[in-house]
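Colleague: The following block contains the structure, expressed as structure tokens.
The values are calculated or read from the model by the stated rules, or taken from the named source; none is laboratory data. Since the model is a prediction, treat every value here as computed from it, not as a measurement. A quick note on method: Cβ atoms are made from the backbone with ideal geometry, for glycine too, and the neighbour counts reach across all protein chains shown. To get the accessible areas, we keep the full protein, side chains included, count just its heavy atoms, and leave off ligands, DNA and RNA. Shrake-Rupley method; radii C 1.70, N 1.55, O 1.52, S 1.80 Å.
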Amino acid sequence: MKSTMMSVALSLNDLLERAASLFPQSWIVSRLPDKSLRTHSYAEYYRRTRALAWTLARLGLRKGDRVATLCWNHHAHLECYFGIPAAGGVMHTLNLRLAPDEIGWIAHHADDRFLVVDDILLPLYRQFESLHRFERVIVVPFSGAPVATRAGDPHAGEPAVDDYEALLAQASGHFDYPAHDENDPVAMCYTSGTTGKPKGVVYSHRSTVIHSLIAAMPDLIALSGRDVVLPVTPMFHANSWGIPYAAVMVGARIVFPGPHLQPQDLLDLMQIEPPTLALGVPTIWLGLIQLFEAHPGKWKMPAGMRSMVGGAAVPEALIRSFDRHGVRLAQGWGMTETSPLASLFYEKPELAGTLDQDQWFARKALAGVPVPLVQMRLIDESGRQCAHDGTDVGELQVRGPTITGGYYAVPRDPEKFSDDGWLRTGDVAAIDAHGYLRIADRTKDLIKSGGEWISSVDLENALMAHPSVAEAAVIAVAHPKWTERPLACVVLKPGMSAEPDELRAFIAPRFASWQLPDAIEFIEAIPRTATGKFWKLKLRERYARWEWPD
Ligand code: ADP
């Protein structure tokens with residue numbers, strides 16, 4: 001017997017069309033380089049996005065061609081999110097925080113044909129233009145300054161340079177979407193290479209539509225047309241967690257912070273455009289809450305704001321701090337490879353009434369439960385599947401329609417995929433009987449001491465609960481007797497002081513004595529990766545010659 005259902009391809013174009021017909025009066029707000037705000041209605045957004053698709057087709061974009069973006073979070077970048085796939089192209093977001101050589105390497109590896117770049121990022125582009133020749137560079141006049149266009153010379157390898165706004169103004173208005181299959185590519189992101197060479201993940205119409213539907217669910221982000229969404233996570237990193245697609249799908253008001261991501265700028269923006277939902281990595285929120293609490297009365301936390309936080313472990317202390325100001329943080333776990341939302345905190349009804357407030361906070365510090373359609377399993381070093389009892393830890397492996405099954409132009413690597421087709425995440429985790437995921441560490445960050453494992457994440461979270469500690473990162477340092485021992489790098493809050501013994505005593509009740517860091521170093525700042533996470537590789541390099549006392 002055959003199903004009687006229509007076999008209609010899942011398509012981002014359908015989300016765009018619906019948004020235009022149902023939400024023409026919703027708004028997209030962008031903060032410009034001079035900090036003023038520019039506002040577009042969804043009706044304008046729709047017209048401009050299709051004008052972009054029309055333009056790309058006129059410029060000769062073929063199906064599957066890559067169009068790179070080097071842009072901050074703003075309306076034109078959102079136009080690329082839907083406009084490039086609408087023309088049959090693949091949007092490839094370049095991470096502007098990477099070293100120029102690395103950006104050039106990635107653009108070349110992806111064989112990007114065109115580039116859409118903010119005018120204020122042209123100096124960065126010039127630092128890697130020799131590594132990859134785009135055929136055409138389309139400049140967004142984000143700062144308002146005129147764009148120096150030129151015809152280009154293919155023989156001399158000189159790209160044509162166009163003004164994004166002038167191109168859009170020339171578009172005819174009539175555009176037919178090219179036919180596509182739901183598995184056709186729409187976007188690609190490279191992993192940021194924190195633990196290896198960057199690798200390209202290619203998302204499809206199908207995976208992106210499914211991810212948007214999942215993310216918006218009431219038990220997950222509960223995204224709706226009544227929301228005001230502030231995506232602080234960069235659109236060039238895991239597609240700002242896919243939320244721009246989902247926000248357009250539901251017609252939410254979207255407030256883009258542009259290049260202004262300092263805590264002060266974000267707090268200022270929240271006063272003018274109070275969000276109901278804000279997205280960011282823990283390091284951004286750590287800085288923001290510290291500034292907010294250091295200046296009582298200067299800013300207001302938007303009433304009822306909620307926030308999805310992930311990309312790195314979220315300290316319980318951070319969740320409690322925001323809660324004191326009426327903001328609920330929900331921790332999620334994911335990777336560039338998983339679209340990225342794969343698990344998110346959810347208050348299971350069966351637990352309501354059984355947990356006290358402290359127990360809820362402890363649960364919120366876990367990485368949530370798997371989202372629909374994402375399967376998770378834990379495999380230990382001997383290949384055995386671990387029990388879901390909250391303590392049995394193994395490598396987290398995932399599978400599902402929003403998970404990548406390989407990397408662009410890279411042979412299949414058994415370190416990244418199991419023989420039976422699951423993605424090996426490189427994270428070490430436990431899952432409890434209620435289905436909550438606890439990320440113990442990245443495989444490479446675990447500390448192996450005398451044959452036992454110590455979780456750097458647990459130590460960091462405990463240290464960051466101390467009132468004098470702004471940030472803490474714990475690394476493994478080679479030890480002649482124990483193989484490795486933990487060394488904690490701690491950044492104190494301005495004007496605060498603490499002694500190593502005091503910090504050790506503070507966290508001691510939560511750990512066995514052999515798990516406590518042997519050394520606590522006070523440093524100025526913890527190095528950050530291009531995506532704003534603690535860069536432990538740099539710390540490991542810094543302490544590579546560390547000598548433990550006898
Ligand atoms: P990278 O960190 O290399 O830039 P991704 O942005 O894809 O790459 O990050 C994926 C990784 O981030 C995961 O494998 C995991 O180690 C970490 N991560 C994401 N969310 C969480 C979380 N809630 N808790 C702990 N680690 C997390």
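Colleague: Stretch Ala409-Asp111 to full length: gain in nm at 0.36 nm per residue minus the Cα-Cα span?
Modeller: 106.2 nm
Colleague: By DSSP, what percent of the beta bridges with both residues in the range 69-209 are antiparallel, rounded to the nearest 5?
Modeller: Taking every DSSP beta bridge with both residues in the range 69-209, the antiparallel ones total about 35 percent.
Colleague: Turning to a different aspect of this structure: If you take every DSSP beta bridge fully contained in the range 1-151, what fraction is antiparallel? Give it as a percent rounded to 5.
Modeller: 30 percent
Colleague: Could you work out how far apart the two model spin labels at Lys63 and Lys300 are, taking each label as a point 7 Å from the Cα in the direction of the beta carbon, and quote it in nm?
Modeller: In this crude label model, Lys63 to Lys300 measures out at 5.3 nm.
Colleague: Please compute the contact order of the chain in relative form: average sequence separation of alpha-carbon pairs under 8 Å and at least six residues apart, divided by the residue count, as a percent.
Modeller: It comes to 10 percent, rounded to a whole number.
Colleague: A further question on this structure: Taking a 1.4 Å probe, which of Asp268, Asp356 shows the most accessible area, and what order do the others take after it?
Modeller: Output order, biggest surface exposure first: Asp356, Asp268.
Colleague: Any idea what angle helix 100-110 forms with the longest principal axis of the chain, computed on alpha-carbon atoms, 0 to 90 degrees, nearest 10?
Modeller: 60 degrees
Colleague: Separate question: Classify the chain as rounded, prolate or oblate from the Cα gyration tensor: take a ≥ b ≥ c as the square roots of its eigenvalues, call it rounded if a/c is under 1.5, otherwise prolate when a/b beats b/c and oblate if not.
Modeller: Prolate is the answer for the chain, as a/c is 1.5 or above and a/b outweighs b/c.
Colleague: Okay, next question. Could you give me the ³J(HN,Hα) list for the range 406-421, computed from phi with Karplus coefficients 6.51, -1.76, 1.60 and θ = phi - 60°, whole Hz, x at Gly and Pro?
Modeller: x, 10, 5, 6, 10, x, 4, 10, x, 6, 9, 9, 6, 4, 9, x
Colleague: On a 0 to 90 degree scale, rounded to 10, what angle separates helix 263-272 from the longest Cα axis of the chain?
Modeller: The answer is roughly 60 degrees.
Colleague: OK, next. Tell me the net charge near Leu98. Cut-off is 13 Å between Cβ atoms, Leu98 excluded, with +1 for each Lys or Arg and -1 for each Asp or Glu.
Modeller: After counting each charged neighbour, the total is +1.
Colleague: Then there's this: How much length would be gained if the chain were fully extended between Lys197 and Arg150, taking 0.36 nm per residue of separation minus their Cα-Cα distance, in nm to one decimal?
Modeller: Computed gain between Lys197 and Arg150 is 13.4 nm.
Colleague: Which loop-located trypsin sites (Lys or Arg not before Pro) does the range 331-404 contain, where loop means any DSSP state but H, G, I, E or B and the Cβ has at most 13 other Cβ atoms within 10 Å?
Modeller: Arg384
Colleague: Can I ask one more? Normalised by the number of residues in the range 286-396, what is the relative contact order in percent for Cα pairs under 8 Å and 6+ residues apart?
Modeller: Answer for the range 286-396 is 19 percent.
Colleague: Decide, for the range 1-76, between rounded, prolate and oblate: order the square roots of the alpha carbon gyration tensor eigenvalues as a ≥ b ≥ c, take rounded if a/c falls under 1.5, and otherwise choose prolate if a/b is larger than b/c, else oblate.
Modeller: Oblate.
Colleague: So how far, in whole Å, is the C-alpha centre of the range 101-161 from the one of the range 211-274?
Modeller: Spelled out, the Cα-based centre of one part sits 28 Å from the other.
Colleague: Still on this structure, I have one more. If you add up the charges near Arg320, with Lys and Arg at +1 and Asp and Glu at -1, over every other residue whose beta carbon is less than 10 angstrom from its beta carbon, what do you get?
Modeller: Once all neighbours under 10 Å are counted, the net charge is -1.
Colleague: Also, quick follow-up: Considering only DSSP beta bridges with both partners in the chain, what is the antiparallel share in %, to the nearest 5?
Modeller: In the chain, approximately 55 percent of DSSP beta bridges are antiparallel ones.
Colleague: Are there trypsin sites (Lys or Arg not before Pro) in the range 257-312 that DSSP puts in a loop and that have at most 15 other Cβ atoms within 10 Å, and which ones?
Modeller: Answer in residue order: Lys298, Lys300.
Colleague: Right, another one. Ignoring everything except DSSP H segments at least 4 long, calculate the 222 nm mean residue ellipticity for the chain; use -39,500 (n - 2.57) per segment, divide by total residues, nearest 500.
Modeller: Theoretical 222 nm ellipticity from helices: -8000 deg cm²/dmol.
Colleague: Taking the Cα atoms only, what angle lies between the long axis of helix 75-86 and the longest principal axis of the chain, rounded to 10 degrees?
Modeller: The angle comes out at about 70 degrees.
Colleague: Return P(r) of the range 343-465 (all Cα-Cα pairs; 10 Å bins starting at 0; whole %; ordered from short to long distances).
Modeller: Spelled out bin by bin, the range 343-465 gives 12, 39, 34, 14, 2, 0 percent.
Colleague: Can you tell me what percent of all Cα-Cα pairs in the range 289-378 are more than 14 Å apart?
Modeller: The proportion of pairs with Cα distances above 14 Å equals 69 percent.
Colleague: Can I ask one more? Obtain the nm distance between the two label points defined at Ile523 and Arg126 by a simple spin-label model: each point lies 7 Å from its Cα along the Cα-to-C-beta direction.
Modeller: 3.3 nm
Colleague: Alpha carbons only, please: Rg and Dmax for the range 42-137, in angstrom.
Modeller: 12.9, 39
Colleague: If you plug each phi of the range 201-215 into the Karplus form 6.51 cos²θ - 1.76 cosθ + 1.60 with θ = phi - 60°, what whole-Hz ³J(HN,Hα) values come out, in order, with x for Gly and Pro?
Modeller: Listing the rounded values in order: 10, 10, 8, 10, 3, 4, 5, 6, 5, 4, 4, 5, 5, 5, 4 Hz.
Colleague: Which ³J(HN,Hα) values, rounded to whole Hz and listed in residue order, are derived for the range 2-9 from phi using the Karplus coefficients 6.51, -1.76 and 1.60 in 6.51 cos²θ - 1.76 cosθ + 1.60 with θ = phi - 60°, glycine and proline given as x?
Modeller: Rounded to whole hertz, the list is 10, 5, 9, 7, 5, 9, 9, 5.
Colleague: To continue, here is another question. Semi-axes, largest first, in whole Å: what does sqrt of 5 times each Cα gyration tensor eigenvalue give for the range 114-158?
Modeller: Semi-axes from the Cα gyration tensor: 19, 13, 8 Å.
Colleague: Tell me the accessible surface of Cys189 in square angstrom (1.4 angstrom probe, heavy atoms of protein chains only), to the nearest ten.
Modeller: Roughly 0 Å² of Cys189 is accessible to a 1.4 Å probe.
Colleague: With label points built 7 Å along Cα→Cβ from the Cα atoms of Lys35 and Glu499, find their separation and express it in nm.
Modeller: Taking the simple label geometry, Lys35 and Glu499 are separated by 4.3 nm.
Colleague: Under 11 Å from the Cβ of Ala57, count the other residues' Cβ atoms, weight Lys and Arg +1, Asp and Glu -1, and hand me the total.
Modeller: +2
Colleague: Follow-up. Under 5 Å between amide H atoms, partner at least 5 residues away or on a different chain: which partners does Glu471 have, H built in plane at 1.01 Å?
Modeller: Under 5 Å from the amide H of Glu471 lie the amide H atoms of Val491, each far enough along the sequence or on another chain.
Colleague: A further question follows. Tell me, what does the Kirkwood hydrodynamic radius of the range 157-282 come to in angstroms if you use every pair of distinct C-alpha atoms?
Modeller: About 17.2 Å, per the Kirkwood formula over Cα pairs.
Colleague: Another question, if that's okay. Enumerate by residue number the GluC sites (Glu not before Pro) in the range 489-550 meeting two conditions: DSSP loop (anything except H, G, I, E, B), and at most 13 other Cβ atoms within 10 Å of the site's Cβ.
Modeller: Counting only loop positions with at most 13 other Cβ atoms within 10 Å, the GluC sites (Glu not before Pro) in the range 489-550 are Glu524, Glu547.
Colleague: Turning to a different aspect of this structure: So how strong a dipole does the chain carry about its Cα centre when Lys and Arg Cβ are +1 and Asp and Glu Cβ are -1, to the nearest 20 debye?
Modeller: So the dipole magnitude of the chain works out to roughly 760 debye.
Colleague: Can you classify the range 268-308 as rounded, prolate or oblate using the Cα gyration tensor, where a ≥ b ≥ c are the square roots of its eigenvalues, rounded means a/c under 1.5, and otherwise it's prolate if a/b beats b/c and oblate if not?
Modeller: oblate
Colleague: For Met496, what accessible area in Å² do you get when you roll a 1.4 Å probe over the heavy atoms of the protein chains, rounding to the nearest 10?
Modeller: 90 Å²
Colleague: For a quick check: with amide H placed at 1.01 Å from N, whose amide H comes under 5 Å from Asp441's, ignoring anything fewer than 5 positions away on the same chain?
Modeller: The list, which skips near neighbours in sequence, is Val428.
Colleague: Expressed in whole Å with the largest first, what are the equivalent ellipsoid semi-axes of the range 90-244 derived from the C-alpha gyration tensor as the square root of 5 times each eigenvalue?
Modeller: That gives 29, 21, 17 Å for the three semi-axes.
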